[in-house]
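The structure appears below as structure tokens.
The values are calculated or read from the model by the stated rules, or taken from the named source; none is laboratory data. All figures in this text were calculated on a predicted structure; none of them were measured in a lab. Cβ coordinates were reconstructed from backbone atoms using ideal geometry, including for glycine residues, and neighbour counts include every protein chain displayed. What goes into the accessible areas is simple: the full protein's heavy atoms, side chains included, and nothing from ligands, DNA or RNA. Shrake-Rupley method; radii C 1.70, N 1.55, O 1.52, S 1.80 Å.
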Amino acid sequence: TEKKNITLLYNSRKEKDIIFKKELNSINEKWFKKIYILSKAGKQTKKSKYEMGRINKEILTRYLSNFKDKKFYICGPKSMNEQISIALKDLGVKKQDILFEDFFLVNLSNILSPFLNKYCKSNDFSRI
């Protein structure tokens, strides 16, 4: 069997802006880990279930290890894509292992629906 190991670092301004949160939270697989990072949510408390800030080298190294021979898929605004790409290259990731999706040119449901349909309990994404 194919060994899967997916870590989703999901950066959003506020909790209410997290698209597919219910569906992502319903994925209960050992190989799927998700970390929500909020950039406009205020101060972090000890009880907070979210990281605060933006995806950067510090957050990448906190949740990921061994950056060699792994693929990184980035989908977001151009400036975010560039920032994360620079951080990954600084951590030793090869340019060909960094993949991009233009956040503004695609319908997000086309990207996530096949994944969500396979691993989520709710399979009705037609309204997206």
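Note on the range 49-95: Cα-Cα pairs beyond 13 Å make up 57% of the total pair count. Between residue 5 and residue 57, full extension at 0.36 nm per residue minus the direct alpha carbon distance yields a gain of 16.7 nm.
Largest accessible area first, the residues 100, 67 order themselves as 100, 67 under a 1.4 Å probe with ligands, DNA and RNA left out. Which lysines have a Cα lying under 23 Å from the Cα of residue 95, excluding residues fewer than 8 positions away in the same chain? The qualifying lysines are 4, 57, 68, 70, 71, 78.
Here's how it looks for residue 8: its modeled amide H is under 5 Å from those of 33, 34, 35, which are all 5 or more places away or on a different chain. A cut-off of 5 Å between modelled amide H atoms, ignoring neighbours fewer than 5 places along the same chain, links residue 74 with 99, 100, 101. Among 69, 90, 17, 97, the order of accessible area from largest down is 69, 90, 17, 97, computed with a 1.4 Å probe on protein heavy atoms. The residue 19 and residue 85 beta-carbon pair, evaluated with R₀ = 25 Å, returns a calculated FRET efficiency of approximately 0.70.
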